[in-house]
Each structure stands twice: as structure tokens, then as C-alpha cells.
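Computed from the coordinates by the stated procedures, all read-outs in this text should not be read as laboratory data. Source: prediction; values computed, not measured. No Cβ is skipped: glycine too gets one built from the backbone with ideal geometry, and neighbour counts run over all protein chains shown.
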């Protein structure tokens, strides 16, 4: 991972060190990124901004979805889904809580 001057983080695959592959360009909405640190072997990392705001990033989609679903207070209903995703069939990623 590298930090860009535009408050972004660039994720690289360096398996072939002679030809690193750029995987992602992530923009941090909380300000200028001053530091980036790996947290886990699955690609999870954190960023720290100039104002000491810390953000955890998941590069594994299943882990990111699980974390997001853990934070959901109410599941999206069919009407809200239709407003936000009019061209997609109703398929909320988080199970309904009972």
C-alpha cells in the first residue's frame, strides 16, 4: 500500500516485485492520509489522517459485508431498495434481524 498526495491509498500486488500490479485506488473521505498500516494477512489495513482519524479498510468483500451488516440497525425494505436500486432485483446483502 502507498499513500497518495490526494488523500488516497493505493493497493498493490507485489507478488512479482519487478512488475507490481495496481489493484485499487481508495479515497479517504476523512482527510489527508498520513499513515497506512497492515492489520491482517487477509489484506485488512488501517489509515490515520492528519487529524488522527483512524479508519479500517477491508479488501476481502465477505469480511467487509459482514462488518457492514453488523452495523445495520434496520434492514432495507423493498420500497427503499426500489428507490435506491431501481434496476436491481430485491436482494439485500444483510439478513433481517428479528
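Here the contact order of the range 2-84, divided by its residue count and restricted to Cα pairs under 8 Å and six or more residues apart, works out to 18 percent. Overall shape of the chain was characterised from the C-alpha gyration tensor. The equivalent ellipsoid obtained from it has semi-axes of 31, 17, 14 Å, in decreasing order. When 45, 85 are arranged by Cβ crowding within 10 Å, least crowded first, meaning fewest neighbours, the order is 85, 45. This ranking places 33, 14 by how few other beta-carbon atoms lie within 10 Å of each, fewest first, which gives 14, 33.
Approximating the spin labels as points 7 Å out from Cα along Cα→Cβ, the residue 6-to-residue 60 distance works out to 3.0 nm.
Note on 32, 47, 74: ascending count of other Cβ atoms within 10 Å places them as 74, 32, 47, the fewest first. The long axis of helix 61-71 is offset from the longest Cα principal axis of the chain by roughly 60 degrees. Translational diffusion coefficient of the range 1-53 (Stokes-Einstein, Kirkwood radius from Cα pairs, 37 °C, 0.692 mPa s): 282 µm²/s.
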